[in-house]
Amino acid sequence: MAKEITSREEDYSKWYLDIVRKAGLADNSAVRGCMVIKPTGYAIWENMRDQLDKMFKETGHVNAYFPLFIPKSFLSKEADHVEGFAKECAVVTHHRLMNNPDGSGVVVDPSAKLEEELIVRPTSETIIWNTYKDWINSYRDLPLLINQWANVVRWEMRTRPFLRTAEFLWQEGHTAHATSQEAIEESQLIHEVYARFAEDYMAMPVIKGAKSANERFAGAVETYTIEALMQDGKALQAGTSHFLGQNFAKAFDVKYLNSANKEEYVWATSWGVSTRLVGGLIMTHSDDEGLVLPPKLAPTQVVIVPIPKPSPEIMEVAAKIKKELNAHGVSVKIDEDAKKRPGFKFAEYEMKGVPVRIGIGKRDLEKNQVEVARRDTKTKESHSLDGIATHVVELLDVIQSNLFNKAKQFRDDMTSEANDFKTFEELINDKGGFVSAHWDGTVESELKIKELTKATLRCIPNDAVEESGKDLISGAPSSKRVLFAKAY
RNA sequence: CGGGGCGUAGCGCAGUCCGGUUAGCGCACCUGUUUUGGGAACAGGGGGUCGCAGGUUCGAAUCCUGCCGCCCCGACCA
């Protein structure tokens, strides 16, 4: 009633913004393109971060922190890299303000101009490789496996909460290796970690694959990507892992002595995922009633609502259930608000995406039971108080896998094949989703398709089967299919 | 950067065309009463430099000039 969400069918973009706002995830801020991440939104990010951090550490990485600012000269050392980021950098030119002589506030003090401008990092390859130069001398210093959790700034023309903001939070891994093979394996390992995180924790199915040269990260030799499909049929690049070859080692002169006492350039990778994942999470599962969160990432997994309001008997049972669930590692909130009515609370927690709601009323207690409601299916059932904790723990698992299966079913339904351009165009325009088609490997065909349909080459899937076919544009022979889609 | 739209209470809006008592409505908020198993009702109450700066006028949210900001759609991008 009071908090209607625009339906997905009516306006998908508005629906997304409504969810972000009404579920209390983020607000626009006083700064154009920058959002305020509110406690609930940040809690989701924290859960993502904690899990990813654990996975990085399990695969041998450690965290460090590098400066927010990068000397301008650093950015120009790798040609492709600067080309890729130059257009969207924030630049610091001065270091002091002063009172305006006319009394109208503060102005930049012209005498405080910096010798060399500083760039607010859009990504940290350059400052990190400049540092690695000092850290790496011998093959015994390798591999160097470092990650940092940080904020970066990319001055985007058009922004949307989580999906694209001028400032965003992310992690960026930067590793150095003695051999090309080892670096490639590292980038593929992280690619796997990202895919596993997306599927097992976010319940978001992804296609693993490589980027075309055209879509590659600025300065990379190879970019591996995980691509997810949103409910409006558009693809979302959810995480990328790059094999950087020796590009940055050469640009920053990072060499090591091998065991034969011979000097060699090191091999590099970099990889990152950002708060964009929160946007992907929202768009993968949520519905017209509000946010839907997979249990593994939900800040509150279970909410207990006393019906019609808290009473000593109900609160006693609620506290007992909470304690048991906490013992299983489940996060539980008991709603103690005596003023709001149950119906209001039900709608509110649905809006906020809490996976399981337990309703406890006098009538339930008389029958030694409670009401258990699922957010994903919007169904509810009564369950005996005996064994309730175990039941809920199992239910959370069921919800987690149901969300994944539902999303995967959708993704599969929305993946089509096209063998000629006309079919391709119709699929992209009318149906959306991924379209699998043959491609001759040239940037010309890829750009032509983008120009004609706005679809981009999302990836060359790892599991693409060998199969002879013809490029949609040039008709040139191709040995496997690649995936196209309109993307965020 | 192109196109469109909007700035009036925390949020959503009306009022602006055609200037005129004390700027209004819904939600939210505070107090009270009655309620309470799917978004309660009633009563009372608090909250506004009407985006900013000039100008016209006896009088400006309203007319004029300039500026600023934000949102949406595109191109660019994680």
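The values are calculated or read from the model by the stated rules, or taken from the named source; none is laboratory data. This one's a predicted model, so the numbers in the text were calculated from it and none came from an experiment. Positions of Cβ are backbone-derived with ideal geometry, glycine not excepted, and every protein chain shown enters the neighbour counts. SASA here: full protein model, heavy atoms, side chains in, ligands and nucleic acids out. Shrake-Rupley method; radii C 1.70, N 1.55, O 1.52, S 1.80 Å.
Some observations on this one:
- Selection status of residue A:107, aliphatic (A, V, I, L, M), open to solvent by 40 Å² or more (accessible area, probe 1.4 Å), within 16 Å of RNA strand B (Cβ to nearest atom) and in a strand (DSSP E or B): yes
- Entry remark, region A:55-87: residues being under 21 Å from the mean Cα position of the chain (by Cα), surrounded by 17 or more Cβ atoms within 10 Å (Cβ to Cβ) and assigned to a loop (DSSP other than H, G, I, E, B) number 1 in total.
- Residue match in region A:431-439 (condition: open to solvent by 30 Å² or more (accessible area, probe 1.4 Å) and among the small types (Gly, Ala, Ser)): no
- Test: residue in region A:174-181 that is within 16 Å of RNA strand B (Cβ to nearest atom) and in the same structural domain as residue A:28 (by TED's automatic domain parsing): yes
To keep it simple, each residue is scored yes or no on (1) away from RNA strand B (no atom under 12 Å from the Cβ); (2) polar (S, T, N, Q); (3) assigned by TED's automatic domain parsing to the domain that holds residue A:23; (4) under 26 Å from the mean Cα position of the chain (by Cα).
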{"residue": "A:305", "(1), (2), (3), (4)": "no, no, no, no"}
{"residue": "A:309", "(1), (2), (3), (4)": "no, no, no, no"}
{"residue": "A:312", "(1), (2), (3), (4)": "yes, no, no, no"}
{"residue": "A:319", "(1), (2), (3), (4)": "yes, no, no, no"}
{"residue": "A:322", "(1), (2), (3), (4)": "yes, no, no, no"}
{"residue": "A:331", "(1), (2), (3), (4)": "yes, yes, no, yes"}
{"residue": "A:336", "(1), (2), (3), (4)": "yes, no, no, no"}
{"residue": "A:342", "(1), (2), (3), (4)": "no, no, no, no"}
{"residue": "A:348", "(1), (2), (3), (4)": "no, no, no, yes"}
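- Any pair with Cβ under 6 angstrom, 6 or more apart, that starts in region A:363-388 at a residue that is of a type in the set (D, E, K, R) and ends at one that is open to solvent by 50 Å² or more (accessible area, probe 1.4 Å) and assigned to a strand (DSSP E or B): A:371/A:380; A:371/A:382
- Test: residue in region A:183-192 that is of a type outside the set (Gly, Ala, Ser), under 23 Å from residue A:20 (Cβ atoms) and within 16 Å of RNA strand B (Cβ to nearest atom): no
- The residue of region A:252-286 that is farthest from residue A:182 (Cα to Cα), among those that are aromatic (Phe, Trp, Tyr) and more than 16 Å from RNA strand B (Cβ to nearest atom), is A:252.
- Filter result for residue A:137 (polar (S, T, N, Q) and under 18 Å from residue A:279 (Cα atoms)): no
- Test result for residue A:110, in the same structural domain as residue A:75 (by TED's automatic domain parsing) and either over 19 Å from residue A:77 (Cα atoms) or in contact with a Gly (Cβ under 7 Å, 6 or more places away or on another chain) (or both): yes
- The set of residues in region A:302-324 that are over 18 Å from residue A:383 (Cβ atoms) and basic (Lys, Arg) contains only A:309.
- Of A:366, A:371, all but one fail to be more than 7 Å from RNA strand B (Cβ to nearest atom), farther than 26 Å from residue A:39 by Cβ, open to solvent by 40 Å² or more (accessible area, probe 1.4 Å) and of a type outside the set (Val, Ile, Thr); the exception is A:366.
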